[in-house]
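The values are calculated or read from the model by the stated rules, or taken from the named source; none is laboratory data. Keep in mind the model is a prediction, meaning the values are calculated, not measured. When we count neighbours, we look across all protein chains shown, and the Cβ atoms used for this are built from the backbone with ideal geometry, even at glycine. Only protein heavy atoms, including side chains, enter the accessible area calculation; ligands, DNA and RNA are left aside. Shrake-Rupley method; radii C 1.70, N 1.55, O 1.52, S 1.80 Å.
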Amino acid sequence: MTKQLRRPKARVVGTWSALLAGVAAAAAMTTVMAGSAVAATTLGASAAERGGRYFGAAVAANKLSESAYTTILNREFNSVTPENEMKLDATEPNQNQFNYANADRIVQHARSQGMQVRGHTLAWHSQQPGWMQNMSGTALRNAMLNHVTQVATHFRGQVVAWDVVNEAFADGSSGARRDSNLQRTGNDWIEAAFRAARAADPGAKLCYNDYNTDDWTHAKTQAVYRMVQDFKQRGVPIDCVGLQSHLNNQSPYPSNYRTTLSSFAALGVDVQITELDIEGANATWYRNVVNDCLAVSRCTGITVWGIRDSDSWRASQTPLLFNSSGQKKPAYDAVLQALNNGVTPTTGPTTGNPTTPPPVTTPPPVTTPPPGGGGCTATVSLNSWTGGFVATVRVTAGSSGTSGWRVTMTLPSGATITNAWNTTRSANSGTVNFTNVSYNGNIAAGQSTEFGFQGTGVGTGMTPTCTAT
């Protein structure tokens, strides 16, 4: 939304004085262009004119007392993301003792200026308080869900979107989940976090957020795509995907960036560029990112990760739109020009078809577990794409519960396991025994735990059998 200017009341000197004041105020916010087209002169105002988009900045609470900082913030942006103040270590420094003071300060400032607020972040493997770092298994899962519920409830109605889960996928070519204490609570932890966030704040949009997901061909990008596709098909509440887009010479602006945006949007979610900064403030790359967002109707906004170069976590790379003195850089002019020029939005890829075929998710195969009793049963669901798959196995205890379990499955010919979580496996192909790890062997009667594995080849036709140990 465009913020409304509030000025002190003044006595009316005369009709002409009032008219001149109105003209001056309008001139302060807009520039008359050729052909009588009127273009906004600030980033937030221009973005709002492009289909109600936002252009935001990451904000630190301790800088809100700097007038130079807040002058730029209040003038240029119509959205705010707290840089660190909503993360786990800041909001729950001791278990069940919550501290919202700095986050509240940012939210109150933003709302007083008519800005929207993005929440960042509810569940993350990093910046956990010490008490959480030392937890595992069911205790950690419950603590994570309590944190999501309490924080999202506190800010209900004040935050338009949440980065519910942050950076849960590994870098590199595996396309696997990142190994973390949260991941080791069970492969469904991301889904559980999203469901808890929806229950706590039904009005906020729920986003998955990650870095190095800009290039459509990268395994990490494809893995996030498959997760979102799976969530949408199964009714898991997810509304948006955040691309951090920390671009530099090692991770440059990719020519298929627009394809990435449009491919996620085609799944029925919004796309948001959440932490944009570009090494050296490359004006061409900044312009390209803005144009790509404007070209995709469901790309709803852009956030730069800081205001001035001196505020950036990458200050030595001078990656932002304002220098350390608060002066506009050529990249700022490129962004504003791109916003004012606008483009015709599309809903599909605009740089050609995706460079790899979109993954295909097959329905979970129907497996009939053996009758209940004192042992255990196992079922498997499959998420498949050309050349690979992820299997999620649910182990359910019988009437006596378990103190340990073993699941046996025979993989199809040519299938090979590349990664597994929440289990120890005996082999990577053929007949494989999966056994519990230290934190998920004890299952109460009728309760369940999950483990999973990723493989190459085809994973259909696997029938698990479970033995309590």
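Looking at the range 215-227, which of its residues are open to solvent by 10 Å² or more (accessible area, probe 1.4 Å) and part of a loop (DSSP other than H, G, I, E, B)?
Scanning the range 215-227 gives Asp215, Thr217, His218.
Gln250 fails exactly one of the following numbered conditions: (1) over 30 Å from Arg287 (Cβ atoms); (2) free of Cβ contacts under 8 Å to residues at least 12 places away in the same chain. What is the number of that condition?
(1)
In the range 422-448, how many are open to solvent by less than 60 Å² (accessible area, probe 1.4 Å) and in contact with a helix residue (DSSP H, G or I) (Cβ under 9 Å, 6 or more places away or on another chain)?
3
Are any residues in the range 276-292 under 15 Å from Tyr211 (Cβ atoms) and either touching a Gly at 6+ places or on another chain (Cβ under 8 Å) or aromatic (Phe, Trp, Tyr) (or both), and if so, which ones?
Correct list: Asp277 only.
Looking only at the range 196-211, decide whether some residue is open to solvent by less than 20 Å² (accessible area, probe 1.4 Å), among the aliphatic types (A, V, I, L, M) and free of Cβ contacts under 8 Å to residues at least 40 places away in the same chain.
no
Filtering the range 400-437 down to residues that are within 19 Å of Arg178 (Cα to Cα) and part of a loop (DSSP other than H, G, I, E, B), which residue is farthest from the chain's Cα centre (by Cα)?
Among residues in the range 400-437 that are within 19 Å of Arg178 (Cα to Cα) and part of a loop (DSSP other than H, G, I, E, B), the one farthest from the chain's Cα centre (by Cα) is Val437.
Mind telling me which of the residues Met86, Met144, Met135 ends up being farther than 16 Å from Ala204 by Cβ and crowded, with 23+ Cβ neighbours inside 10 Å? Break it down into steps so the answer makes sense when it comes.
On the way: Met86 fails: farther than 16 Å from Ala204 by Cβ; Met135 fails: crowded, with 23+ Cβ neighbours inside 10 Å.
Of the residues listed, the single one that is farther than 16 Å from Ala204 by Cβ and crowded, with 23+ Cβ neighbours inside 10 Å is Met144.
Scan the range 228-255 residue by residue and report those that are open to solvent by 10 Å² or more (accessible area, probe 1.4 Å) and not in a loop (DSSP other than H, G, I, E, B).
Correct list: Gln229, Asp230, Lys232, Gln233, Arg234, His246.
If you check Ser325 against the conditions, is it open to solvent by 20 Å² or more (accessible area, probe 1.4 Å) and assigned to a loop (DSSP other than H, G, I, E, B)? Walk me through how you get there before you give the answer.
On the way: open to solvent by 20 Å² or more (accessible area, probe 1.4 Å): yes; assigned to a loop (DSSP other than H, G, I, E, B): yes.
Considered against the rule, which asks whether it is open to solvent by 20 Å² or more (accessible area, probe 1.4 Å) and assigned to a loop (DSSP other than H, G, I, E, B), Ser325 comes out as yes.
Working carefully through the options Pro354, Pro371, Pro365, find the one that is part of a loop (DSSP other than H, G, I, E, B), at pLDDT below 65 and in contact with a helix residue (DSSP H, G or I) (Cβ under 6 Å, 6 or more places away or on another chain).
Selected residue: Pro354, the only one of Pro354, Pro371, Pro365 that is part of a loop (DSSP other than H, G, I, E, B), at pLDDT below 65 and in contact with a helix residue (DSSP H, G or I) (Cβ under 6 Å, 6 or more places away or on another chain).
Does Thr153 qualify as being more than 27 Å from Asn212 (Cβ to Cβ), modelled with pLDDT of 95 or more and either within 22 Å of the chain's Cα centre (by Cα) or not in a loop (DSSP other than H, G, I, E, B) (or both)?
yes
For residues that are open to solvent by 10 Å² or more (accessible area, probe 1.4 Å) and farther than 19 Å from Ala39 by Cα, tally how many sit in the range 287-310.
7
In this structure, is Val269 modelled with pLDDT of 95 or more, on the phi < 0 side of the Ramachandran plot and within 16 Å of the chain's Cα centre (by Cα)? First the steps, then the outcome.
Values: modelled with pLDDT of 95 or more: yes; on the phi < 0 side of the Ramachandran plot: yes; within 16 Å of the chain's Cα centre (by Cα): yes.
When the stated conditions are applied, Val269 passes them.
Provide a single number: the residues in the range 90-129 that are part of a helix (DSSP H, G or I), open to solvent by 60 Å² or more (accessible area, probe 1.4 Å) and touching a residue at least 40 places away in the same chain (Cβ under 8 Å).
Counting residues in the range 90-129 that are part of a helix (DSSP H, G or I), open to solvent by 60 Å² or more (accessible area, probe 1.4 Å) and touching a residue at least 40 places away in the same chain (Cβ under 8 Å) gives 3.
Restricting to the range 401-442, what's the tally of residues that are under 17 Å from Gly388 (Cβ atoms) and among the hydroxyl-bearing types (Ser, Thr, Tyr)?
Number satisfying all stated conditions: 4.
Identify, please: which residue in the range 169-192 is in a loop (DSSP other than H, G, I, E, B) and under 15 Å from Phe231 (Cα atoms) and is, among those, most open to solvent (accessible area, probe 1.4 Å)?
The residue in question is Asp188.
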